Structures are given as structure tokens and as C-alpha cells.
1. Here are E428, E433: which of them is open to solvent by 40 Å² or more (accessible area, probe 1.4 Å) and not in a strand (DSSP E or B)?
2. Which residue, of L261, L231, is of a type outside the set (D, E), in a strand (DSSP E or B) and within 26 Å of V113 (Cβ to Cβ)?
3. If F199 meets every condition in (1) open to solvent by 70 Å² or more (accessible area, probe 1.4 Å); (2) under 12 Å from I181 (Cα atoms) apart from one, which number is that one?
4. If you scan region 340-370, which residues turn out to be among the small types (G, A, S), open to solvent by 20 Å² or more (accessible area, probe 1.4 Å) and in contact with a helix residue (DSSP H, G or I) (Cβ under 8 Å, 6 or more places away or on another chain)?
5. If you go through region 352-360 one residue at a time, do you hit one that is touching a residue at least 24 places away in the same chain (Cβ under 8 Å), polar (S, T, N, Q), within 24 Å of R75 (Cβ to Cβ) and not in a strand (DSSP E or B)?
6. Restricting to region 19-51, give me the number of residues that are among the acidic types (D, E) and over 19 Å from the mean Cα position of the chain (by Cα).
7. Say whether the condition of being in contact with a His (Cβ under 9 Å, 6 or more places away or on another chain) and either touching a residue at least 40 places away in the same chain (Cβ under 8 Å) or exposed (fewer than 12 other Cβ atoms within 10 Å of the Cβ) (or both) is met by at least one residue in region 223-234.
Amino acid sequence: MKGIWILCGLILAGQAHGQVWEKTIVPGLTYRMEVDRNVPRIVHAVRFSFGAPGLKLKSELGGGTVIEENATKGRETISEMASRTDSLVAINADFFPFTGDPLGLMVKDGQVVSASNNRAVFGWGDQFAEMGLIDFDAKMLVDGREIPLKGINQECPLNGIVLNTEVASIAVAKLPNVHAIFKMDSTEWSPNGEWSGTFVSLYADADKMPIQPGNAVVTANGIKAELLKSLVPGQRASFSFRAVGFDWAKVNQAVGGGPFLVRNGVISVDATREKFNKDFTEKRHPRTAVGMTKDGDLWFVVIDGRQKMSDGATLEETARVMLDLGCTDAMNLDGGGSSALNILGLTVNRPSEGKERPVANGVVLLGPKPEPNHALLKISGPETLNLGTGKTLQVVDEKGIDVPNSDVVWSASGGAWIDQGGLVRPFEKGKVEVAAMVRGQVLRTTFVIEEALPPAKPRTPAKTSRSKKGRGG
């Protein structure tokens, strides 16, 4: 894995000069770290170029399904997602409730996973990407009755009715409810289309209903249950989707988020229209964002926040970061404790809760990884480090020869952070774990941050006494 680090000055968000490191991970994929110690703010970003050999960008569900019967309700951390999909890069995407379903539109491999919530959507295909708002409509037609569907693959709301496809895994609703099971002729749930199925059976007052392959489950809560109780086994029904706002001939993947940050090269934060509150908008938080350049490249960005070494960013400041990266269009994704960026198995940012939060979905970049080098390598560093004392670490081989820092991507957790020059900066007492991604390996070491030693007191010369000689005999 070869690349060149570039160290240079940067004006970030109108503040004083900081530092920037950039590295090519594989052709068409660059990692960038920006550090502005005056804010303070640390920005992690990857740039992806469409058409790069062998690389493919996809949306991905946490755990591969929408809802599961486990502690996270089917969510998973970005590190887990990266490992499961064997991806080059993985980053968190949409907001979510803790039932595990994405709040906004999600399309995976041309199939609708989650419906739009009237917030910004990022969509893309093999050679194309766009951002916009999607007008999504879903209906069920049975026995001449048209029944609007108020959600796709989500917990059924109070007095609501939703469609659950097999990617949901489980249909969920509070009582009282009914679940109508349909055997589908086809399960290609594209953003625009119509599908037919046969009603099989009705179940009442089950808080969870597993969805078998080839089936769909229509779940109704409260007063909406009456719409399904007249169904008769063998009865035919049809379902239709209409999604307006994207060129679906070019787009087969999409994730929601919001709000927009940059539109047509101008900062345009439309938080109020997308119903984000003032605290979310104007206070500094960890952020995740995606942007497009005029050349068609994509930037995926995570800004560390709520920590001593990085305060985070307002939405306006996040927009400025995206604009400075050359984005002509950009939108916000879920942030806070959800923000995570993983490159080749290493989470390069510092999640604000001290560990990664399981998330509902993300974006993964798939492709051939750099050929691993199985040489015996280790991180050369101290066992302890004092507060206020920085230390530059080095990766060495079995002969003790330094590996060029241009081959290393650094990350740290605990009481210190590390820049991409390998400089460790302690900020509190305790254990520190440093990780280094180098030549296809991830190396780890730990050491302890201790209280700074008090300055030594200057030594004063000892007083000497002169003996007096007597005069008498």
C-alpha cells in the first residue's frame, strides 16, 4: 500500500492555519485529515472517484436487515458493518429511532428499503450521483379499495398501516394490531412499480411477526385494523410505489439524512424546512456529511466533536468544511454518537461516546484491498507518557528499521489523540490505545498517560562554615 503524505497549511472555516495530511489508499480513494487546534476541530474525509477500477459504492443496512430480535434491534456499528461486508470504507448514514429502521428513504441495489420522510436524500449509481427531495407514495389496492400505506419496513405507528417486505425480517407494532400475510408474485420492490400478491392469513395482536421469503406483511394498528379484517384467503391484492425526484434509470442506491448544506456551490442550510431544531443546527456537534464536486467526485466527511481535542461543528461550519473541500452540493447525515468512519478495518475518527454506536444503515465502498504485507511489524513507543508531553510514534519492522510514515494511517482512543504524522497528544490521565494501519495490517499498542511531573526546584549551594583558629597556647 503506497501513498504520499502531503503536509501543508490550511485556513479552515476562517480560523488560523492548521495542518492537512492526505493519502491515497487505493487508486480512486484518498483519505484526508485536517486539524485546526484553534477551534479545536478535527476533520476526517475520504474522496471517492467514480470509474476507479474495481470500486463500487453501495448503501448497506445495519446487520443486513431492518429489524432483528436482538439488543440493537438489528443495528450494528460501522466497524461491524465494515467487517461483515469486507469493505474498503464504511461510514454511517441516516438518522434512526431505536427500533432500528432508517428514518428517511433508503434504496439498496434498486430495491426500496425505507420510505422518504421529506428530508434530503443522497442517491447514486455506477457513474452518477445526485441530491434532492423525493416525493414518495405507496398504496395497496384490494377489492376495488385503495388504501394509502404510511410507511415501509418500520414499526407501525399509532392508527397507521405499513408494508413490510422480507428485508424487514420482522413486522413490529404495538397492540391492538393485525398482520395480513401476502404471498407475492414478485418481490422486486423498485422505487416505481406495481406488484401483485395473494392474501394468505391474518394474525391479530402479535407485537412481532416474522416475514418469510417471498412474502410481504401489511401491518395495521388501532382503527386502521378494520381495513384488513375483511380479507379472505386467496384474495388478490396489488401494491404500487411512486418516487419522484431522482433519475431512477441512473440511481440504484440511496440514503436519507438532512438538511442540505451546500447547493450549486453556495452554502444553503435549510434546517427549518426539514424540521431540525435550533440546538441541532447552531450548536457544535460531531457531524457526518457527504458532498459532490464539480468533477463528480464524492467526499464523505466525519467531524469529531464533544471532546477536548475537537469541539465539533455547527451546520453552517459543516457546510463551510464541505465548500472548502470543493463540494458544489452537500448534505448532512446523522451525527453525534453515530458519526464513524472506518478505513480498511480501522475507525479513524473518535466516536464521541468513547465507543461506536450501533446504527441503522451506512454507505460502504467495496473493491480489491491493498495486497497485505505479512512482515513482522510493531509500533515503537513509550510505556508511559506525561500530560503535556507529546511523542511521535513510529512503526518498525523485525530488524528495527523505521517504516515510512507515508505507509501508515494512525488512530487513537483513550486519554490522547494522534495526528497523521504519528504525534501523540495526551489530554487526560489513563490508558491509551493507538492503532496503525500499515501495509495491510492493523497494529495496536497501549500505554498510560500519567500526571506531569512537577518542575524540579533549583538547587541552592549548601552553606559552608569556616573554622576559627585560636590564638592561645
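The values are calculated or read from the model by the stated rules, or taken from the named source; none is laboratory data. Being a predicted model, the structure only gives us computed values, none of them experimental. Quick reminder, even Gly has a Cβ in these numbers, built from the backbone with ideal geometry, and neighbours come from all protein chains shown. Remember, those area values only see protein heavy atoms, side chains included, never the ligands or the DNA or RNA. Shrake-Rupley method; radii C 1.70, N 1.55, O 1.52, S 1.80 Å.
1. On the way: E433 fails: not in a strand (DSSP E or B).
Being open to solvent by 40 Å² or more (accessible area, probe 1.4 Å) and not in a strand (DSSP E or B) holds for just one of E428, E433, which is E428.
2. Values: L231 fails: in a strand (DSSP E or B).
Every option except L261 fails the conditions.
3. (1)
4. Taking region 340-370 and keeping what is among the small types (G, A, S), we get 340, 345, 352, 354, 360, 362, 367.
Next, only the ones that are open to solvent by 20 Å² or more (accessible area, probe 1.4 Å) stay: 345, 352, 354, 367.
Result: G345, S352.
5. Within region 352-360, one or more residues are touching a residue at least 24 places away in the same chain (Cβ under 8 Å), polar (S, T, N, Q), within 24 Å of R75 (Cβ to Cβ) and not in a strand (DSSP E or B).
6. Kept after step one, since they are among the acidic types (D, E), are these residues of region 19-51: 22, 34, 36.
Remaining after also requiring over 19 Å from the mean Cα position of the chain (by Cα): 22, 36.
Of the residues in region 19-51, 2 are among the acidic types (D, E) and over 19 Å from the mean Cα position of the chain (by Cα).
7. Initially, region 223-234 is screened for residues in contact with a His (Cβ under 9 Å, 6 or more places away or on another chain), giving 228.
Among the residues that remain, those that are also either touching a residue at least 40 places away in the same chain (Cβ under 8 Å) or exposed (fewer than 12 other Cβ atoms within 10 Å of the Cβ) (or both) are: 228.
Yes, because at least one residue in region 223-234 is in contact with a His (Cβ under 9 Å, 6 or more places away or on another chain) and either touching a residue at least 40 places away in the same chain (Cβ under 8 Å) or exposed (fewer than 12 other Cβ atoms within 10 Å of the Cβ) (or both).
The rows are residues; the columns are (1) more than 22 Å from F95 (Cβ to Cβ); (2) under 29 Å from the mean Cα position of the chain (by Cα); (3) among the hydrophobic types (A, V, I, L, M, F, W, C).
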position	(1), (2), (3)
M331	no, yes, yes
S339	no, yes, no
L346	yes, yes, yes
L365	no, yes, yes
H374	yes, no, no
G390	yes, no, no
V396	yes, no, yes
G415	yes, yes, no
G421	yes, yes, no
